[in-house]
Each structure stands twice: as structure tokens, then as C-alpha cells.
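For reference, the structure is listed below as C-alpha cells.
The values are calculated or read from the model by the stated rules, or taken from the named source; none is laboratory data. Only a predicted model underlies this, so the values are computations on that prediction, with no experimental measurement involved. Quick reminder, even Gly has a Cβ in these numbers, built from the backbone with ideal geometry, and neighbours come from all protein chains shown.
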Amino acid sequence: MSALAGPETKRSLLSLDRIGRTYGGQPAVRALSTASFTVDAAEALAIIGRSGSGKSTLLNVLGLLDTATEGEYRVAGVQVADLPDHDRTLLRAAFFGFVFQQSFLVASRTARENVEMPLRLRGMQRREREQRATEALVSVGLEGRAGFLPRAMSGGECQRVAIARAIAHRPRVLLCDEPTGNLDEHTARDVLRLLFRANKQGMTLIMVTHDLAIARAFPRTMSVRDGRVSEGADSFLAAESLVTDLAGSLAAASTR
Amino acid sequence: MTASRIRTGWPSCRVRRRGLLPEAIRTETSKLGILATAHEALIGVSRQLGRTTICALGTTIAVTAFVVTNGLSASANNSVLSTFNALNATTVEFQGGTSHHPLLTQAGVARLSKLHGVVSAGLIWDLDQQQPYDVSRQPHDSSNDAELSFTAASASALTTIGATTSSGRMYDSGADLHHQMVALLGYQAAQALGITSVRGAPAIFVDGVALTVIGIIDSAQQDTEVLANVVVPPYVASIISGGTDERTVIARTRAGAAQLIGNQGPYALDPYQPTAIQAAVPPSPTTLRAQVATSLSDLLHLLELAGIAVGILSIAAITILSINQRRSEIGLLRALGYRRLDIARLISLEAMVIGLLGGILGTSIGMLLFVAAADSQQWTPVIPAGIIVIAPVLGIATGAVAGTYPAFLAMRITPMAALRS
Ligand SMILES: Nc1ncnc2c1ncn2[C@@H]1O[C@H](COP(=O)(O)OP(=O)(O)OP(=O)(O)O)[C@@H](O)[C@H]1O
Ligand SMILES: [Mg+2]
């Protein structure tokens, strides 16, 4: 065990060593290549990049939803590639909570039942489960919607239920893939506030976004460009300025 | 380096893999027990009532058929027993000898009657193979002739076939002894001759022989043919036809003795040539019931099997469809931490809950239909013991079989499926 977890990786919660992900197909797409970085407990990290750059691919590998095709990924020192599906699922359930752009609630279950799902997996007794679920719903301000089915709630409310579900079992890491993508500015701010509060309570927060304004609220940012990951927002900014130039020249062309 | 070595060696890989995930993490989740999963399945099924109903329809029909067929065959058995004709089951007939050399005689019948188990026995036969005779009421006047067949019957045969008169009386064994020229008319024959009563001792004429009608037979349980005939004592018969017809001895036995009398009768009737006499014994009630039951149940079991196949197919088909619709939901459950086993269990249990529902519905509908059907057949509805338990269990079993393949399909859905919708 200790032999597998090196002296450096032991300190970090998540550690990536030349991680790559190639989607098989015609043609094969190398969506992620040689990503190497570490994330410590209770960190808040934004991953920024343009559409199609490989952000979701990276996040899915981080959350054990997907498996890397190259490199070594360790979660709390555990070499993920060696785990059978069964153990990987256990590790995922124990370490990660997910919030996606769409809320992905189970349509046939009420808000409360959706929040209770990860708690059930922990074999929690009914009373404790209900208490935890209520707590989580209160923290997202939706205790009044506990008995509602997803179709009876607005998009913003669904997203907040999804956040309640992601934090109810107190995972070590909260992974968010453009959680505010479908929301208006005001609701988006509420959602972000909730996520930062979870981070303050000790949860590691990793959020994918293509919004520079959001990324700036994070103490640490990483950019993804054509599947390559780099520290800081610089590479993203460089690409972005190109777009601005292009937009400027187009505008100029049309006014002429 | 290390990783690739671990992946290639199977035995070592197993040893290493177990150690890879710290026990604390291993035990933190995956505590979804079978009861909790069943609860989830119940919720899932109850919240999709439309789909559930359609899905359960096939099983409902199958179990309905199961209950109805089992109930009906049990009731049919029962009614075969209870409506079994007691008279038929106790009647034995003997035939034998030739017209020139008759083996069946009054003396033989007398011996037969003494056998233990014989209630009554007598000689009875048709004259000239039922060839009709011209019968008239006036000696030389053919204006109101009737064509009638003749039956010869000893006095004891009249008792044996259960004949009763509406007018007049039967002849007794003295009629033969004293060569009385008498006749009985079946009530149809009496109508044909225009005779309504034997008051005034009406006479009939056949081939110049005068017979006194002493009674009109209005019913004969064992031989309704005589109701259309003229019935005469054996002596009269011998005068009319020459006594060359093949004779029959009819015997009524006690319940359950028919088989025995069938075996012993020929020895009593003619101790010298018993093998020349054939006995016709009615099938025993148990044999008859078994015959009815097997012919009924062979067909019904086939129907039941077909029904259950339909039930399995309908659950399987709709569950497979719904798995495809629910790829994203199942992927989400995987993302949240459901293992493959948990998913397979969930889908199987859902199918079983649906099967159970179909089983309960089918049992209820089946009972109603079966009682209605039994009633229309005027059978007493007999519900085989245990069917109320077996039918819903059959539903669950149907669901379990139907759920295997969908569960296998669902198990292969990856967490990534949740994100591609
Ligand atoms: N399952 C897949 N099979 C093949 N190629 C894929 C698959 N998923 C993603 N890709 C490709 O990989 C690249 C990166 O995709 P990814 O979804 O990670 O981008 P992204 O940065 O999240 O974009 P967006 O901001 O639009 O969500 C894209 O070119 C995409 O077409
Ligand atoms: Mg994406």
C-alpha cells in the first residue's frame, strides 16, 4: 500500500501523472493528453477552457466516471487503474459528489428521495437519512420542495436539489461540470455561493466552466486547450483574445 | 511498470487488488441491502403506473388462465363424480350363443339372480332385429294399422329396466307359465294405435294372433326404446317370430359390483360354456373421471404454458424497452455509487414486483371468471387448495425469469451513459 503511494502523492488527495484519454472510434479522438497535477484536500479549483477542449473529459476521469487510457491516477494514494469496476464504484461513492450542467434527477423520485439516494447506499437508518436529507435541502433553501417531483420544479430548483444530493453524504470532493450553464445570472450566483460554502466546510471543489468571471472567483485555475492542461488561466486568455480579435475584425467588416 | 505487471498476472492481480482499496473505504458505501433495493423497486414501479400496467398485462392474462383452467378442471372432475349416472354404472348386459342354439335361458337367469350383488336380472331382446310388424285393432281390418316393433322381455327384465305403467299393470312370470297371450304397449305405440287406457281389455292383432293389452308403459329408465314398442312375454314372442332371435340378459347390480358380476355372470348363465357368453360392463366411475381429467388437463396445461410464455415475453419486452429509455437514469445510479450487482438486483426486483402485481390481478380476475364459468356449466366451483398461493408465486417467477435479460443489459450501462442524453 505505502509502496504504491509515493512520498509526494501521499500528501495530495488527487494526483495525476501524464493522464491521457483517447476516445476510440473513427477517427480516434485524443481528448486529453499528458495531464499532470495534484489537488489537495479542501482546495477550490476552476478548470477553464473553450468548448471541446477536453474539460468534461478531464472531470469525468477525475470523478472515476471514466477511465484514463494513459498515465496514472491516484485517489488518496490508491492507483485507480488497478481497481475492478466494483471497487472503483465504492471509491467513487465514498469520495465524489457530482453536479452537472443538467441536474440529472431521477424523474420518478421526489426531491427528498433524490437527495436520499447516496445516503441509502451508506446503509443509513431512515431517521438519520431523513435528517441529513432535510439538512441538505435546507442548506439549498428548498425544504419546502421536499415532496416535489422534478417535473414540478424549475430548472434552478432542480439544480439546487442536485447540489443537495451531491453534498448530503459529505463527499471529500465536489465535482461540478458547468453547474450554472443553464441558469440565469441571479440563480447562478446563488448556486455558486452554495458550492463555495461547501468548500469552506472542507470539501474539495473542482468546477469546470468556460466563464472567466466565475474562474476568477477561485483561488486556483487550470486551463485546458486541445486536451492539454496547464496551470493558470493564461493559455485560455491567449485563445480568448484571438476570438475577441476575430469578433472585432468581423464587426469592423460589417460596419464598413 | 508496476501497474502493467499486476494486470498481466491473474493470481497475483487478485491478491493485490483486494489490498488496493483500503478497508475503510470499502465498507463506507455499498450497503444497499436487498430490502432497500426491493423498496426502491416498489417505488419505481408504483410511480410508473401506466408502464407497469401494460407490463403486467401479459402476466395477468397468464395467471387468469392458470386459475380458470385449474379451477375448471377441478370442478369438472367433481361434477363428473357427482352427476355420474348411478343406473348406468350398475347395469351389466350379457350376450352369447346363436339364434339356433341359444345359451341364455330362464334357468340361467334364475342362477344369475342368486349371485351376491345382483339386484335383478331378466331376458330381453328385440324381435326380428326391430323389423316392424303390422299391428291392428280389428282382426281383418287394416284401415287403422300401425307398424310397430316388438320387444320380448321376461317379467324380471321389466323390473330390471325400471319400467313403470301409467295404465293397467305389468305381466308377471305367470304369464309365460300359463301361456297368457298378453302384451304391454309403450306409450308411443299406444298413441299410434289410439289406445289411451287398458280399461275394457283392448285387443291387438298381429299376423292373426290376438293379444290382450294389459298395460301401457310410460317410462323405462334403462331402455327408452321400449316406449315405442309392443312388449310381450317370451312365450308370446316365440309364437310371433319363432323364437330365433339373439337374446340379451340384462342385470342390475349393487353399486360397485358391476365388474364382479360381469366376471361371474357367464358361469351362472351357462356353467358349461361360460366363455361363449360376453359381458358388457360399464366403465367404473374412477376410470371415467380419470379419462375426462386427462383429456381436459392435457389441453389446459398446454394453454397454461402458452400463457406463461406470453407473460414472460411481455414483461421482458417492455422492460427491455424501458431499460433503453432509462439509460440515463441507470447511468446516474451508477455514478452515485450503485454497483453493477445493485443495478441488476433493482431491475430484477422491479420485474418481480410487476410479475407479482400481474399474479395478484390475475388471481382475482381468474377467480371471478372461473366462478362465472362453473356456474354457467352448473358445476359446483371447486377451488384447488393452494392455488391462491401458487398463482401469485407464479407471477413472481414469471417476473424473475423475464427480468434476467433486462437486468443483464442494465448491468452493462456505464456511469458515462448518464451524461449522454
Ligand atoms: N464519447 C466520446 N467519443 C468520442 N469523442 C468524444 C467523446 N466525448 C468527447 N469527445 C470529444 O473529445 C473532445 C473533448 O470533449 P469534452 O466533452 O471533454 O469537451 P468540453 O471541454 O467539456 O466541451 P464543452 O465546453 O462544450 O462541454 C471533443 O472534441 C469531443 O468531440
Ligand atoms: Mg463539457
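A few remarks follow.
- Positions within segment A:60-90 being crowded, with 21+ Cβ neighbours inside 10 Å, more than 9 Å from chain B (Cβ to nearest Cβ) and in a loop (DSSP other than H, G, I, E, B), in sequence order: A:Ala68
- The lone exception for A:Val229 - which of (1) modelled with pLDDT under 90; (2) part of a strand (DSSP E or B); (3) aliphatic (A, V, I, L, M) it fails: (1)
- Exactly one residue out of B:Val135, B:Val92 is assigned by TED's automatic domain parsing to the domain that holds B:Ala190 and either modelled with pLDDT of 80 or more or within 32 Å of the chain's Cα centre (by Cα) (or both): that is B:Val135.
- Identity of the residue in segment A:31-51, outside any strand (DSSP E or B), away from ligand 2 (no atom under 16 Å from the Cβ) and not hydrophobic (A, V, I, L, M, F, W, C), that ends up nearest to the other protein chains (Cβ to nearest Cβ): A:Asp40
- Of all residues in segment B:103-128, those that are in contact with a Gly (Cβ under 8 Å, 6 or more places away or on another chain) and closer than 19 Å to B:Asp245 by Cα total 3.
- The helices (runs of 4 or more DSSP H) found entirely in segment A:103-213 that carry 1 or more residues being in contact with a strand residue (DSSP E or B) (Cβ under 9 Å, 6 or more places away or on another chain) are A:111-120, A:155-168, A:185-200.
- A single entry from A:Thr209, A:Thr204 fulfils the requirement of being under 13 Å from the mean Cα position of the chain (by Cα), more than 16 Å from ligand 1 (Cβ to nearest atom), crowded, with 22+ Cβ neighbours inside 10 Å and in contact (Cβ under 8 Å) with a residue 40 or more places away in the chain: A:Thr204.
- Output for segment A:153-196, where each listed residue is within 14 Å of chain B (Cβ to nearest Cβ), of a type in the set (Asp, Glu) and away from ligand 1 (no atom under 16 Å from the Cβ): none
- Pairs meeting the criteria (first residue in segment B:35-46 and in contact (Cβ under 8 Å) with a residue 24 or more places away in the chain and surrounded by 14 or more Cβ atoms within 10 Å (Cβ to Cβ), second residue among the basic types (Lys, Arg) and in a helix (DSSP H, G or I), beta carbons under 9 Å, at least 6 apart or on different chains) are B:Thr37/B:Arg345; B:Ala38/B:Arg345; B:Glu40/A:Arg120; B:Ala41/B:Arg345; B:Val45/B:Arg51.
- Residue list for segment A:116-133, filter: more than 11 Å from chain B (Cβ to nearest Cβ) and closer than 12 Å to A:Ile167 by Cα: A:Arg132, A:Ala133
- Within segment A:200-219, one or more residues are away from ligand 2 (no atom under 16 Å from the Cβ) and in contact with a Pro (Cβ under 8 Å, 6 or more places away or on another chain).
- Output for segment B:333-344, where each listed residue is assigned to a helix (DSSP H, G or I) and either surrounded by 24 or more Cβ atoms within 10 Å (Cβ to Cβ) or within 11 Å of chain A (Cβ to nearest Cβ) (or both): B:Leu333, B:Arg334, B:Ala335, B:Leu336, B:Arg340, B:Leu341, B:Asp342, B:Ile343
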